[in-house]
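The values are calculated or read from the model by the stated rules, or taken from the named source; none is laboratory data. What you see is a predicted model, and the numbers here were worked out from it, not measured in a lab. Here the Cβ is made from the backbone with ideal geometry for all residues, glycine too, and neighbour counts use every protein chain on show. Just the protein is used for accessible areas: all its heavy atoms, side chains included, with ligands, DNA and RNA removed. Shrake-Rupley method; radii C 1.70, N 1.55, O 1.52, S 1.80 Å.
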Amino acid sequence: MAYLNRIADDILKSNLEAFGAILIVGPKGCGKTSTARQCAASIIEFQDEDNREEYLSVANTQPSRLLVGKNPRLFDEWQDAPKIWGAIRKSVDDRQETGLYILTGSTSQTVESAHTGTLRISTMQMYPMSLFESQESNGTVSLTSLFNAPESFDSCKSNLNIDDIIFAICRGGWPSTVHIHSSDAKLKIAKDLFAQTYRTDISHIDGIKRNPAWTETILRSYARNICTLSDAKTIYKDVQATTALSENTFFDYTAALEKLFIIDDVEAWCPAIRSKTAIRATKKKNLVDPSVAVAAMGLRPDYFNTDFKTLGFLFESLCIRDLKIYSSKRGGKVSYYHDRYGLEADAVLHLDDGRYALIEIKLGANEIDRGAAHLNEIESLIQKHNENENQVPLRLPDLKIVLTGTEYGYRRDDGVFVIPIACLRD
């Protein structure tokens, strides 16, 4: 099967130039091993049944022997042989070279180690595929170019209709779906990942036996509240209605789901443009891919023909996923803004050089004006804040964007960019 290029490819290559070893983390099935293979010169696969026992025996007695080979040397499912971590750390110290090793593995197990690997083993996170990586976004609008030269943007046109977007949400960005021909078969991948998460992975993450039914209930509640400001206590009360879960156990389960990179909440952006009590600071509930929420709710694409409200929240989750991926080369961080006056920005995208974009996410064209008005009002609040000489000035937004599921993109007279998500790329 042909490998589809990932944005993580360039990040991995860059990181290998800076560090002796790279640990790639992310949810199961997001393509960590396939991406690592593109850079690896030699590979040790600890789950290769033909060689597994021999590899594990060497790893437990003299792990440094397994380091002998062409670099970068990839250790897949490295957590099955935890002593390899210390051997790699020491090798990086001794050789004082970069680009020596890559580690990948299932996120369903935590390995205790006496050595953290700080400044020797750098961690990079991967997500499922974005629409551009799965070749569904035509990529006519570069997020980087928008930041660097916004005046160069003219217009764009999406190739995806609303049914295409609905299917992309339900299928998810899982690489294994790309080479499957049947639409029904594509939808089974997210359903299986969801089932494996609550049946198996939740207990394998740290060896603590957890109740699959309770885990499933938590994920269903998360799915129903995706991209909302429901707090943890609200989720817990929802779960408690049908389970005997204690509050401490609930938080233990959600922490485990975060370690599995399934729960992926969005932090709040709290600039000093309102009083602290006015700005909502709770995390926005989110999952790593909207397809997990669809699977948790037991839905199919045709369901959304009559439920555009739920679809809107799932579309927001899709856009947040893609924004994280497209901005990852520049250390992008995605947060949100919401205050008790109803003013909001669904996403605030900060780059590592201080530039940022205020973003509203609207599935249909009828919400574009309202979204643009919110962005302009936040910009106005920042301007007023900066006029007060007693305040520390805040940077004005470099971009104001309404991301949509519509066909056409353009720049409004108020400076807001309207961009279909199926036109965007890194």
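A compact table of results
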read-out: Rh (Kirkwood; distinct C-alpha pairs) - the chain, Å; value: 23.0 Å
read-out: For residue 339, distant residues with modelled amide H under 5 Å away; value: 280
read-out: Cut-off under 5 Å, modelled amide H: who pairs with residue 402 long-range; value: 360, 417, 418, 419
read-out: Whole-number Å³ per residue for the convex hull built on Cα positions in the stretch 1-160; value: 138 Å³
read-out: For the chain, accessible area per residue (1.4 Å probe, heavy atoms of protein chains only), Å²; value: 45 Å²
read-out: Solvent-accessible area, 1.4 Å probe, carbon plus sulfur percent, for the chain; value: 47 percent
read-out: Taking the C-alpha atoms of the stretch 225-305, convex hull volume expressed per residue in Å³; value: 139 Å³
read-out: Percent RCO, i.e. relative contact order, over the chain, from Cα pairs under 8 Å lying at least 6 residues apart; value: 17 percent
read-out: Estimated [θ] at 222 nm from DSSP helical runs (n ≥ 4, -39500 (n - 2.57)) normalised by residues in the chain, nearest 500; value: -11000 deg cm²/dmol
read-out: For peptides 33-45, 67-79, sequence by mean Cβ density within 10 Å, most packed first; value: 67-79, 33-45
read-out: Rg to Rh, two decimals, where the stretch 180-238 supplies the alpha carbon set and Rh follows Kirkwood; value: 1.07
read-out: Semi-axes of the equivalent ellipsoid for the stretch 300-370, Cα gyration tensor, largest first, Å; value: 25, 16, 9
read-out: Distance between the stretch 378-426 and the stretch 269-313 - C-alpha centres, whole angstrom; value: 21 Å
read-out: Using a Förster distance of 25 Å, the FRET efficiency for residue 276-residue 370 (Cβ separation, nearest 0.05); value: 0.45
read-out: Calculated over the stretch 151-202: convex hull of Cα atoms, volume per residue (Å³); value: 139 Å³
read-out: Most to least packed among 414-420, 303-309, 139-145 [average Cβ atoms within 10 Å]; value: 414-420, 139-145, 303-309
read-out: Mean separation of Cα contacts under 8 Å (6+ apart) over length of the stretch 281-359, as relative contact order %; value: 20 percent
read-out: Square roots of five times the Cα gyration tensor eigenvalues for the stretch 252-363, Å; value: 25, 17, 15
read-out: Choice from 395, 224, 199 with maximal GNM fluctuation in the chain (Cα, 10 Å cutoff); value: 395
read-out: Extension gain (nm, one decimal) between residue 53 and residue 395, 0.36 nm per residue minus Cα-Cα; value: 117.4 nm
read-out: Violating pairs (Cα-Cα greater than 29 angstrom) within the set 157/188; 191/284; 32/233; value: 157/188; 32/233
read-out: Pairwise FRET efficiency - residue 123 versus residue 97, Cβ, R0 = 25 Å, nearest 0.05; value: 0.85
read-out: Ordering of 288-295, 169-176, 4-11 by burial proxy (mean other Cβ atoms within 10 Å per residue, highest first); value: 288-295, 169-176, 4-11
read-out: Qualifying lysines (Cα of each under 17 Å from Cα of residue 90; at least 8 residues distant if same chain); value: none
read-out: Where labels lie 7 Å past Cα in the beta-carbon direction, separation of residue 163 and residue 353 in nm; value: 4.3 nm
read-out: Gain in span if fully extended, residue 45 to residue 309, counting 0.36 nm per residue against the direct Cα distance; value: 90.5 nm
read-out: Under 26 Å, Cα to Cα: Lys pairs in the stretch 287-426, sequence gap 8 or more or different chains; value: 13
read-out: Residue 385 paired with residue 244, simple spin-label distance in nm, labels 7 Å along Cα-to-beta-carbon; value: 4.9 nm
read-out: Karplus 3J(HN,Hα) series, Hz, for the stretch 392-401 with 6.51 cos²θ - 1.76 cosθ + 1.60 (x for Gly, Pro); value: 6, x, 10, 5, 6, x, 7, 9, 10, 10
read-out: Within-13-Å neighbourhood charge of residue 395 [Cβ basis; K, R +1; D, E -1]; value: -2
read-out: Percent of alpha-carbon pairs separated by more than 20 Å within the stretch 1-68; value: 42 percent
read-out: Stokes-Einstein D for the stretch 30-108, Kirkwood Rh over Cα pairs, 25 °C, 0.890 mPa s (µm²/s); value: 194 µm²/s
read-out: Stokes-Einstein diffusion coefficient of the stretch 293-414, Kirkwood radius over Cα pairs, 37 °C, 0.692 mPa s, in µm²/s; value: 206 µm²/s
